[in-house]
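Following: one structure in structure tokens, then a few remarks.
The values are calculated or read from the model by the stated rules, or taken from the named source; none is laboratory data. Since the model is a prediction, treat every value here as computed from it, not as a measurement. Note that each Cβ is placed from the backbone with ideal geometry, even for glycine, and that neighbours are counted across all protein chains shown. Keep in mind that these areas ignore ligands, DNA and RNA; they rest on the heavy atoms of the full protein, side chains included. Shrake-Rupley method; radii C 1.70, N 1.55, O 1.52, S 1.80 Å.
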Amino acid sequence: MNIPNSSTAPAAGEYAGDEVSAIVLDPGYWTTRAGFAGEDVPKSVCPSFYGQLDSDSGSQQLFGENAIHNPLGNLQVKNPWGSDGIVQDWETATKLWEYAITSRLTGAKPGDPTKNGLNDGTNTNGDAMDVDMDAVENQEKPLEDSPLLVTEPGWNTAKAREKYIEIAMEEWGAPAFYLQKTGVLAAFASGKASGIVIDVGASHTSITPVLDGMVLRKGVQKSTLAGNFVSEQIRLIFKQSQPEIPLTPHYMVKSKTAVDAGASAQATYKTFATQPTDSFRRHEEERVLTEFKESVVEVWGGNGRLSNGANEDIAKQMPGRPFEMPDGWNQVFGVERFRPAEALFDANAAVHDADHPKPKDDQTIPRLVQQAVQHVDADQRPLLLSNIVVTGGSTLLYKFNDRLSNEINNIYPSTRNKLFAPGSVVERKYAAWIGGSILASLGSFHQLWISKKEYEEHGPSIVEKRCR
Amino acid sequence: MATGRDVRDMLGLPMGAGAGEQAKAAKKSKTTGGVKRMQGVAREVAALYGERPPPVAVYEEEKTYRAKRQNTGPAKKWVQQDFVNQARNDGLVLKHWRRKHAPAPPVQDGEDTAMEETDITGPYIENCGDFNKYNISVDLPTFSDEEYEAHLRSNDWSREETDYLFEVVRDYSYRWAVVWDRYDYQPGNNSALSQEGVDGDDGNALAAMPFAPPKQRSVEDLKARFYDISAKLMKLRIPEMQMDADQYSTYEILSKFDPLLERNRKALASALMNRSMDEVKEEEFLLTELQRINMAANRLDAEREELRARLDAPAPNTQIAAGLQSFTSSQALQTLFSQLFQQDRSKKRASGGGSGPSRLSLNTNDLAQTPASTVPGPISAVNRRQSMALPQSAAAQTPVRTLPPQQERRYNVSTHDRLTSGVSFGADRLVKMRQAKSNVQTQKIAAALHELGVPDLIPIPTSRVGEAFESLIGKVGKLLDVRKVREKEEGEIRVLEAMKEAKGGSSTSSNNNATATDDKRSTSISAPPADRRSSTAAPASTPKTTTNNGTTTSTSKRNEIPDSNPASPLDNESSTRRTSRDPTTTTNPDEDDDQDDDQDDEEDDVVDIDTSHPRDNEEDGDDEDAEGEEESRQPSEAPAHVSTQQQQQQGRKRSASEFSAGSASVGSGVSKRARK
């Protein structure tokens, strides 16, 4: 029995772990991650986009991967997040997150028989329903036996934070709650208590200086030069290229035939009774662009910027990468593939037109890092710079880290700058969730939870006091 | 059952040979039968070995299986155990997975299961204190209102803000960077609340007035305030006198915190961090240059050290004179040279015909250019070594910048032929100068200095003070010597007068006798060298003639005696001896100069190889013998000079010569008197 296996108990205090089957929810702009603390991957990763079916009888919201990619005629694809990186549509966000949790983790609780649609007869008795409302509400709460750890962006407002705890406590009935910033958790996921976290996500790039597990608020920087911005750049490049590169999402193509590079596509397209909405199409296009980003786009990783000296010529010499659109159109992308991501580091290199002005220089990642460091106490700067954690899906762009490292070394040549970027894709994308998973499964974390009792005593403002 | 053997035994028949063999065979078969027979393929393999099995036994590898999982009964049950954390005070009940508790003594089977059921449903709540060790809070100084009013008031800080500061510091456990980051004191809130009751909006505005712009406190401001309060409280709790070392050092750190200094330091730190790439590269370049130079210097030092060690090697005698003595014979010099030459060659070979600067030892060319033949004037042995130690190229490379004497004085620049390693203090030198070879002499010098009002300890012993003191000491020495000579001469005169009175007017022969009795032994022993000297010292006015080299060496050797036994040159024994023995030399000063020159010559010639005068070697040997004896005897003659002080030699010598130059009249007077 001495051989440790899956059925033996871990040694007492091993890793100081003591999990209480807490649920970690890490909502993001592109996906929402949820899973049990103590696991290494979020069990439930569902898109943060939702579909809205507007009909005469009212609107219906559809969640989940399967629902939002279905080309229904009147399906609007929306996102509850605002442009400032803070949740805007709280009502839907709550439902979306609830879906993320219940679809895979807790399962749907058996609903009240009067409401589950199986028993038609009871609907007639409206009074009885009202009487039972309390009981119904109590039963519906999906998180009754799991403490909940939710992540928030570093720049979250006090009001939004209170909203989080309200949702968790009142709507979901969680016995305990905690709110932690993504930056801190991403640092934890890399095994660091201090460092600068560079998180390049879909909607926002954020730089979070973390010291001993606490965010240095003055140093938190964010900008919108992130994954969606790169997509936008690609769209512009497609539009501005001669001839224009057509962007056809998958759902429109019925069948395609192979064509030569650059030749126009020869495909048969699907016909729809009612054309899917623009938002749906845009979202579907985004998927193609994601593929494009994954397989073609490259960050210039050499010395200096792409526009510096002969760099562009060197880039031209590099072998191109082919890409085929869903409709069969294909081309080899040469130096163009360096352009979309270049603006993340060099605002002047941004592709722009009337609707999409150039970003400001202080929005670029190197400037953000510089500003973040500038807002930290001088004594801590070298420490932070030697622990730079890179996370977020957009950092998976090819050679992103090389470039980032070059840029930072250019700004701070005299310090020892070290980048920590987890090698595996999952860890890079879900670092914040993994950090939350670690944190919430620690035995020493038990005392930090905000319990329901405390919430009831102090109200939502307790979150400001406790989750620092 | 009787066997055939028994039957034979009974019948008295002899045991047949065949029977014996049989028994043996039986035994053999028994033993062979005991060996385990190999099976299967292994047996065939063994058969291939033939009759002689290999020395290493062949083992059939036993098949190993993973140990069977021991089945300890049915699967252990786990339950989601409710628990409360001791660190919490709100009684939050969480659940974690625990092994199901074995039920307390199972008494009756049927009832026990029922009990268990109730146990699970019943509210057993574990009290979990496993992680209490991580629940730590920081210690913070506390103060009461009175204390605050009495000691801790500050113009810059309100009581509220101070409290807020302490709260934040506690919250963030002294992490100043975080404290500063989160420090967000809103003065309006508190004061507004307190004032609102009095008179609404106006009061609010008034109250906010003094704090109107929320101050931007820097980390240093926060720290300064906090440390200041901490120090004051610490002093209040424990008076300074009663603090132990740790407490006091803490107190000192706290009370000596200087926000300005800290701010400057941080500004410097951030400036250092924000340097451009070029600056960093330049610094790197300079650092590598420095390292390179240091390494070269170290190498050069090591080489010089090695050279010195090598030069000292034949005689590890620390005394220079004694060390030199071993090289006085040309044979010894020859061996030394060949030794050096060999080392040089072997080194060259080892380093693959090493380049210029690595050449360390002498070659014949060097010998031809020894300072004795080229450099006129006296060069000390020390100097000489230096010139040997320095490779010529290095000497040529070092640029010497000469300053006019005025500037030299102004900037206190001094040039040295050779700097001794390590640090020496001017005060030490001065103290050493005070000491003579004998206690009596030392006391005399001390008395003379005391008379002159020179303090025992001279403050600020600069080199110039040292020089002045040295010349003073020289003069004191001269004075003492003169005094001594006078006493001696007076004594002689008295003796002579007494003799004169006794015998009633005798000739100069009696004079001679008197001197002879005076230092009979030394005269008798040093007679031959004195003779030789008299023959050679006459032309000694031109001592550097090459033909006379050998002889001058030997002569000066003899003359060195007084040097190595410092008091001598002016010791009237020798001078009187000279005067008495050598009436042709009328002037003592000349003699002394000669002597100096001679000595220098001698030193110069240390490595001179002179094979053309083999006779000189013998003479040298002779001389040495004589010297040895003389030296050994001298102490008995002049006990006052026994304690030799090597360091004083130079000064003494100089003072002696100066004396002889200055007090020529005395000497001549004496000699005249003596001749008379």
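List of remarks:
- Set A:Lys163/B:Lys95; B:Lys437/B:Lys475; A:Lys316/A:Lys399; A:Lys218/B:Lys223 screened for pairs whose C-alpha atoms are more than 23 Å apart: A:Lys163/B:Lys95
- Scanning residues 5 or more positions from A:Leu62 or on other chains, those with amide H under 5 Å from its amide H are A:Gly51, A:Gln52, A:Leu53, with H placed 1.01 Å from N in the peptide plane.
- Calculated FRET efficiency for the pair A:Ser264/B:Asn294, C-beta based, R₀ 60 Å, to 0.05: 0.25
- Pairs exceeding 23 Å between alpha-carbon atoms, taken from A:Lys78/A:Lys141; A:Lys95/A:Lys181; B:Lys432/B:Lys478; B:Lys77/B:Lys133; A:Lys465/B:Lys266: A:Lys78/A:Lys141; B:Lys77/B:Lys133; A:Lys465/B:Lys266.
- Difference of contour (0.36 nm per residue) and Cα-Cα distance, B:Arg409 to B:Met277: 43.0 nm
- Centroid-to-centroid separation of segment A:64-93 and segment B:119-177 [C-alpha atoms, Å]: 44 Å
- Sites B:Glu146 and A:Glu457, calculated FRET efficiency, Cβ-Cβ separation with R0 30 Å, nearest 0.05: 0.35
- Heavy-atom accessible area, 1.4 Å probe, ligands and nucleic acids excluded: residues of segment A:375-413 down by at least 30 Å² from chain alone: A:Asp377, A:Ala378, A:Asp379, A:Arg381, A:Tyr412, A:Pro413
- Distant-in-sequence amide H partners of A:Thr205 (H built 1.01 Å from N, under 5 Å): A:Ser223, A:Thr224, A:Leu225
- Taking 7 Å steps out from each Cα toward its Cβ at B:Glu487 and B:Glu252 produces label points 5.7 nm apart.
- With Cα atoms defining each centre, segment A:209-260 and segment A:414-468 are spaced 28 Å apart in the structure.
- Each Cα pair under 8 Å and six or more residues apart adds its separation to the average, and for segment A:364-468 the resulting relative contact order is 26 percent.
- Rounded accessible area per residue of segment A:382-468, 1.4 Å, Å²: 38 Å²
- Here the label points at B:Asn155 and B:Leu11, each 7 Å from Cα along the C-beta direction, are separated by 14.3 nm in the simple model.
- Within chain A, helix-based [θ] at 222 nm, where runs of 4 or more DSSP H residues each add -39,500 (n - 2.57), nearest 500: -8500 deg cm²/dmol
- Residues of segment A:197-243 whose accessible area (probe 1.4 Å, heavy atoms of protein chains only) drops by at least 50 Å² once all protein chains are present, relative to their chain alone: A:Met214, A:Lys218.
- Span from the segment B:252-294 Cα centroid across to the segment A:165-197 one, whole angstrom: 38 Å
- 3J(HN,Hα) along segment A:389-397: 9, 10, 8, x, x, 6, 6, 7, 3 Hz, from the Karplus curve 6.51 cos²θ - 1.76 cosθ + 1.60 with θ = phi - 60°, whole Hz, x for Gly and Pro.
- Other-chain or far-sequence residues with amide H under 5 Å of A:Lys181's (modelled H): A:Glu152
- Interface B:A - total buried accessible surface [probe 1.4 Å, Å², rounded to 100]: 3700 Å²
- A simple spin-label model places the labels of B:Leu452 and B:Arg494 2.9 nm from each other, with each point 7 Å out along Cα-to-Cβ.
- The relative contact order of chain A comes to 20 percent, based on Cα pairs under 8 Å that sit 6 or more residues apart.
- Calculated FRET efficiency for the pair B:Ala427/B:Phe285, C-beta based, R₀ 30 Å, to 0.05: 0.10
- Here the accessible area is traced with a 1.4 Å probe on the protein chains. For segment A:319-468, carbon and sulfur cover 49 percent of it.
- Positions from segment A:440-459 whose accessible area shrinks by 10 Å² or more when the full protein complex is built, not the chain alone, probe 1.4 Å: A:Gly443, A:Ser444, A:His446, A:Gln447, A:Trp449, A:Ser451, A:Lys453, A:Glu454
- A straight chain from B:Thr64 to B:Met241 at 0.36 nm per residue would run longer than the Cα-Cα distance by 56.1 nm.
- Projected over every direction and averaged, the convex hull enclosing the alpha-carbon atoms of chain A yields 28.7 nm².
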